[in-house]
Amino acid sequence: MIQTLYEQYGNRIQLYLYTLCSDFAAAEDLTQETFLKAMLDLPKDQDNLGAWLYTVARRLCLTRIKRDKWEQPLQDAEAQGNRKWPGGR
């Protein structure tokens, strides 16, 4: 079932994710996460699995974008905290 879904939607989901995040590597990772979630939590109502996959993909992408926005300032602050002050302090 998952293999069939991946064959049918894999490339389209990856392209959709690339348009959202503008990062090919992130789009590949998020595509894998999308289909992993499908493997673990496939809904019982299978009328519109394509729409469900796109929704999962979009939510995963938005979560990653939010996480990255928070992590970058923390990484910048840590980098500044590791600098030595002039005069050896």
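Values as computed for the structure displayed
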item	result
Candidate set from the range 27-39 (those that are among the aliphatic types (A, V, I, L, M) and modelled with pLDDT of 95 or more); member that is surrounded by the fewest Cβ atoms within 10 Å (Cβ to Cβ)	36
Residue check for residue 89: at pLDDT below 90, loosely packed, with under 13 Cβ neighbours inside 10 Å, among the basic types (Lys, Arg) and over 19 Å from the mean Cα position of the chain (by Cα)	yes
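The values are calculated or read from the model by the stated rules, or taken from the named source; none is laboratory data. Being a predicted model, the structure only gives us computed values, none of them experimental. Backbone-built Cβ (ideal geometry, glycine too); neighbour counts: all protein chains shown.
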